[in-house]
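Report on the following structure.
The values are calculated or read from the model by the stated rules, or taken from the named source; none is laboratory data. If you're wondering where the values come from, they're calculated on a predicted model, not measured in any experiment. Heads up, the Cβs are rebuilt from the backbone with ideal geometry, glycines too, and the neighbour counts pull from every protein chain shown. We work out accessible area using only protein heavy atoms, side chains counted, and drop any ligands, DNA or RNA first. Shrake-Rupley method; radii C 1.70, N 1.55, O 1.52, S 1.80 Å.
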Amino acid sequence: MFCSSCGHRNEKNANYCSSCGNYIADSVEIKTASIPVVSADTEVEPEENDQEDIEENFAFLSINLGHDASDKYVLDDKTLKVGRHPESDIFLDDVTVSRRHAEFFKKNETYWVKDVNSLNGTYLNRERVEEAELRNADTIQIGKFKFRFWEATR
């Protein structure tokens, strides 16, 4: 369970946040959490037990590098468009990102990433891809931004 005040992960049966002391017993378990803001040159490593908090049939992307390093995005049946265009679902304001760079989507009960003819490419686990299936804990790089993909174990 995450604290609604500071975003700290707590034990599922905790009444108070172990970080800030906020009362959380009546809090609704949330699917997103805040992680500390880092500089653009610092990569945030997710905790090893991140996948324990992921509910069945639930997946999300977390930004691990870049100026938006605290953001998480839920993946569902809707296609998420990523790019520098202001109307993108995931707006990445940096010249290393194309206006319409990539898409995340669900196909046959699995999640995929697709490069949409970007200039700098889309990388999955450090390999350039046009379209690829995502697996738990994969790293996706779009421009200077690194995402981590998390999903419930089947």
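Listed here are the residues, each with its yes/no results for (1) modelled with pLDDT under 90; (2) open to solvent by less than 70 Å² (accessible area, probe 1.4 Å).
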site	(1), (2)
Cys17	yes, yes
Thr42	yes, yes
Tyr73	yes, yes
Asp77	yes, no
Glu87	no, no
Ala102	no, yes
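In this structure, Phe91 does not satisfy being surrounded by 19 or more Cβ atoms within 10 Å (Cβ to Cβ) and among the aromatic types (Phe, Trp, Tyr).
Within segment 115-125, is even one residue among the charged types (D, E, K, R), surrounded by fewer than 14 Cβ atoms within 10 Å (Cβ to Cβ) and without any contact (Cβ under 8 Å) to a residue 24 or more places away in the chain? Scanning segment 115-125 turns up no residue that is among the charged types (D, E, K, R), surrounded by fewer than 14 Cβ atoms within 10 Å (Cβ to Cβ) and without any contact (Cβ under 8 Å) to a residue 24 or more places away in the chain. The set of residues from segment 126-154 being in contact with a helix residue (DSSP H, G or I) (Cβ under 7 Å, 6 or more places away or on another chain) and open to solvent by less than 30 Å² (accessible area, probe 1.4 Å) comprises just one member, Trp150. Summed over segment 94-125, residues that are closer than 18 Å to Ser62 by Cβ, out of contact with any Leu (no Cβ under 8 Å at 6 or more places or on another chain) and not β-branched (Val, Ile, Thr) total 4.
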